[in-house]
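Read through the structure below, which is laid out as structure tokens, and then see the notes.
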Amino acid sequence: MVYMTRSVADIARMPRGGPDASCVDRLLQTDRLEYLDRDTDADAAGQARKRAVLQALEWTGQFFGETERFAKLVLDELAEIPDPKVLELGAGHGGLSRKLLEWHPTAELTVTDVDPASVAALAASDLGAHPRATVRRMDATDIDAPDHHFDLAVFALSFHHLTPPQAARAFAEGTRVADTLLIIDLPRPPSPLHLARLAVMLPFAPLVPFVHDGVISSLRSYSPSALRALAAHADPAIEVDLRSGLMSPQVVVARR
Ligand SMILES: C[S@@+](CC[C@H](N)C(=O)[O-])C[C@H]1O[C@@H](n2cnc3c(N)ncnc32)[C@H](O)[C@@H]1O
């Protein structure tokens with residue numbers, strides 16, 4: 001299939017399942033925000049829900065070995081670079097940056113998130129005092145850094161938070177500031193499997209903030225064809241290497 005540059009309006013309307021998504025797949029999406037995305041939740045209860053989701057993410061990442069798997073993916077991309085500069089976008093709890101600092105003796109990490117409360121928590125943690133880490137607030141759709149400043153930018157389990165126009169911006173910005181943009185995100189399963197996954201999760205969504213955000217994440221995840229269309233819209237010069245899993249996270253390596 002050829003992925004052509006699409007108009008801004010086409011991209012804004014593109015289903016999460018991609019330009020050629022089936023009718024059922026088009027129904028399996030939502031504009032509803034996750035707790036993690038709610039700016040208006042500045043009250044104590046809203047902040048507590050966000051913290052609960054981030055703590056659950058950190059715990060599951062460690063327990064199921066995903067943090068280590070993601071760190072290996074990053075280090076594989078950096079194998080030829082002696083003292084790499086790495087940007088983590090959407091770092092949340094910072095677990096991936098911590099693992100990279102632990103495993104790579106000279107890597108410099110810029111650890112960022114768009115959420116000011118998460119950035120404050122990261123800065124107050126061990127990462128804020130680490131000699132090879134800098135903690136900053138950054139928006140993946142408008143990155144405050146010069147061209148090619150980083151060897152690699154990684155955006156883990158966060159891309160689905162972006163609307164299609166924002167996601168295209170993140171492709172453009174990530175490949176502008178870094179030589180390699182590594183996106184790791186939830187897979188979008190085929191519709192029957194997707195429905196089964198949602199049916200298992202839905203009863204718990206009103207009770208457990210992590211599951212609530214998980215259901216919305218699943219509905220907002222992008223398919224491989226959507227990811228290719230977004231990259232092509234951002235810049236036809238962006239080359240995308242896509243490794244998609246059925247249930248395991250999908251991996252996108254993007255370069256210009
Ligand atoms: C589900 S959490 C993932 C946290 C962590 N990367 C992980 O793998 O567990 C998504 C994170 O993306 C962040 N995020 C959402 N929109 C963003 C944007 N435009 N730029 C940067 N980060 C963003 C959220 O604040 C949140 O911390």
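Quick note: the coordinates plus some simple rules give every number you see, no bench work behind them. Everything numeric here is computed off the predicted structure, so don't read it as measured data. For neighbour counting, all protein chains shown are included, and Cβ atoms are generated from backbone atoms with ideal geometry for every residue, glycine included.
For the chain, the fraction of C-alpha pairs farther apart than 35 angstrom is 11 percent. With helices as the sole contributors, the chain gives -13000 deg cm²/dmol at 222 nm; each DSSP H run of n ≥ 4 counts as -39500 (n - 2.57), and the sum is divided by every residue. Every pair of different Cα atoms in the range 82-220 enters the Kirkwood calculation, which places the hydrodynamic radius at 16.1 Å. Report note on the peptides 194-206, 97-109: ranked by the mean count of other C-beta atoms within 10 Å, highest first, their order is 97-109, 194-206. The range 84-124 and the range 193-251 have Cα centres lying 23 Å from one another. Ranked by the mean number of other Cβ atoms within 10 Å of their residues, highest first, the peptides 234-247, 144-157 fall in the order 144-157, 234-247. Given contacts defined as C-alpha pairs under 8 Å and at least six residues apart, what's the relative contact order of the chain, whole-number percent? Reported relative contact order: 24 percent.
Roughly what % antiparallel, to the nearest 5, for the DSSP beta bridges in the chain? Rounded to the nearest five, the antiparallel share is 35 percent. Per the Cα gyration tensor, the range 213-254 maps to an equivalent ellipsoid with semi-axes of 21, 12, 7 Å, ordered largest to smallest.
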